[in-house]
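To start, the structure under review is shown below, and the notes come after it.
The values are calculated or read from the model by the stated rules, or taken from the named source; none is laboratory data. Being a predicted model, the structure only gives us computed values, none of them experimental. Glycine also receives a Cβ, built like all others from the backbone with ideal geometry; neighbour counts cover every protein chain displayed.
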Amino acid sequence: MKKTLIFLISMFALTGALFYAGQGLSRSESSLFRQEDVGAVQESEELPEQVLSRTNEELREQQRDCYAFGKLSDEEQQVYLEILEALIDFRENVRLSSCDTELISRVFQCVLNDHPEIFYVEGYSYTEYTLGDLLKKITFTGSYSFGPEEVSQKQKQIDDYVNQCLAGMPEDADEYEKVKYVYEYLIHHTDYDAAAKDSQNICSVFLERKSVCQGYAKATQYLLNRAGVFATLVLGQVVGGEGHAWNLVRIDGEYYYVDTTWGDASYQAVGGSTYPIEKIPTINYDYLGVTTEQLEQTHTMDNVVEMPLCTAIEANYYVREGTYFTEWDEDKIEKIFADSYKRGETYVTLKCEGSDVYQKMRETLIGQQGIFRYLNSPDKAVSYVENEKQYSLSFWI
């Protein structure tokens, strides 16, 4: 007996429930992917199986720097390779080496997390072949939003965007500078828009210039990978329980988190900032190269594979740019403001190591109005934003 179960993935940026095929159960779990059992079990004729053409060794070698793949067991890696080739080649009825439907669901998500270039997948269906009550095999078929010809056309447009973006990257840029460049480029060229077309994949950013968190994160991953910097997708939630996506990057051998969406002023405006939009910095750098401890002040990870503990701070934006404080330093603050005026900048952000330094800086600059010692303006008024969770203060100059 053959049973065909159909899955569609409705990509969305809010919380959803994750449903497993073949089980009438669901578990309430936040995810940027929602899988729904949309069809009843069907009886039909035997369908021909497709045989994978690439060798395991060839595909396996190509995944050597794919984060999720590296976290899987040998059995899971084999299923990963089978699903990956099926999606790349638009194959149908590919026999999988596992009959564990929960494993298949998990591995399918790993493939999408590792491969932002697979932007045309909506979900998958699988067919169970049983002998009595014994499940003998499962075949896999991808569900696609575009056919091969349309994918090829869109890829050419994507390539044009990517080539233009990377052409502006300094040739001698180190890994930190590449990450910063991509972060700034995407923010300057993308608007946060919950109604954006193809918002859960790279097409929204590269073709529409509008997206939501997952589009931002996948575009960041795609561009950094093209620039030779490791980056992968991370899924979870933010304060309030809303589903969210961001990136894990590797700079000079150390892991850091990057959230391009939260760096964009257009997101801050749409996200309900109480501060006037004209007073929001164009780019917020609080989430460029942060540790696990910093990230978890506002983000909760709920990723398909375990993420590393990020502790390095050398490639944190504020550390690299010289505006990170481990203690109160009046001379350093004076120099930061003077240099910012020389460069024609409109605001200054000061980042503190922890609560004690932050409270000292806040009390001195705001409580005692010490900020006026560093401003060129004679006006006795100053606009500022404080971020107690990230221990940062931003002032408009």
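Checked against (1) at pLDDT below 50; (2) in a loop (DSSP other than H, G, I, E, B), residue 47 passes all but condition (1).
Residues considered: 181, 192, 216. Of these, the only one that is out of contact with any helix residue (DSSP H, G or I) (no Cβ under 6 Å at 6 or more places or on another chain), surrounded by 14 or more Cβ atoms within 10 Å (Cβ to Cβ) and of a type in the set (Ser, Thr, Tyr) is 181.
Within the bounds of the range 362-373, is there any residue that is small (Gly, Ala, Ser), surrounded by fewer than 19 Cβ atoms within 10 Å (Cβ to Cβ) and outside the structural domain of residue 114 (by TED's automatic domain parsing)? Yes, that holds for at least one residue. From the list 171, 175, the one residue that fits, being in contact (Cβ under 8 Å) with a residue 40 or more places away in the chain and closer than 28 Å to residue 230 by Cα, is 175.
Considering only residues in the range 109-134 that are aliphatic (A, V, I, L, M) and surrounded by 16 or more Cβ atoms within 10 Å (Cβ to Cβ), the one that is farthest from residue 203 (Cα to Cα) turns out to be 111. From the set of residues in the range 245-261 that are hydroxyl-bearing (Ser, Thr, Tyr) and surrounded by fewer than 24 Cβ atoms within 10 Å (Cβ to Cβ), which is farthest from residue 298 (Cα to Cα)? The qualifying residue farthest from residue 298 (Cα to Cα) is 255. For the range 77-124, residues that are farther than 25 Å from residue 155 by Cα and in contact (Cβ under 8 Å) with a residue 60 or more places away in the chain total 4. For the range 320-328, the criterion of being under 30 Å from residue 237 (Cβ atoms), surrounded by 15 or more Cβ atoms within 10 Å (Cβ to Cβ) and under 23 Å from the mean Cα position of the chain (by Cα) is met by at least one residue.
Conditions tested, residue by residue: (1) modelled with pLDDT under 95; (2) among the β-branched types (Val, Ile, Thr); (3) more than 28 Å from residue 215 (Cβ to Cβ).
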| site | (1), (2), (3) |
| --- | --- |
| 67 | no, no, no |
| 81 | no, no, no |
| 91 | yes, no, no |
| 113 | no, no, no |
| 130 | yes, yes, yes |
| 145 | yes, no, no |
| 150 | no, no, no |
| 157 | no, no, no |
| 165 | no, no, no |
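Looking across the range 71-97 at every residue that is among the polar types (S, T, N, Q) and within 21 Å of residue 303 (Cβ to Cβ), the one that is surrounded by the fewest Cβ atoms within 10 Å (Cβ to Cβ) is identified as 73.
This table checks each residue for (1) under 13 Å from the mean Cα position of the chain (by Cα); (2) modelled with pLDDT of 95 or more; (3) farther than 20 Å from residue 312 by Cα.
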residue: 169; (1), (2), (3): no, yes, yes
residue: 194; (1), (2), (3): no, no, yes
residue: 202; (1), (2), (3): yes, yes, yes
residue: 226; (1), (2), (3): no, yes, yes
residue: 231; (1), (2), (3): yes, yes, no
residue: 235; (1), (2), (3): yes, yes, yes
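Of the helices (runs of 4 or more DSSP H) entirely within the range 141-251, those holding at least 2 residues that are closer than 14 Å to residue 120 by Cα occupy 148-167, 213-226. For residue 135, the criteria (1) over 26 Å from residue 63 (Cβ atoms); (2) touching a residue at least 24 places away in the same chain (Cβ under 8 Å); (3) outside the structural domain of residue 100 (by TED's automatic domain parsing) hold in every case but one, which is (3).
Tallying residues that are aliphatic (A, V, I, L, M) and under 12 Å from residue 195 (Cα atoms) within the range 206-220 yields 1. Out of 296, 363, 306, 327, one residue alone is over 18 Å from residue 389 (Cα atoms) and acidic (Asp, Glu). It is 306.
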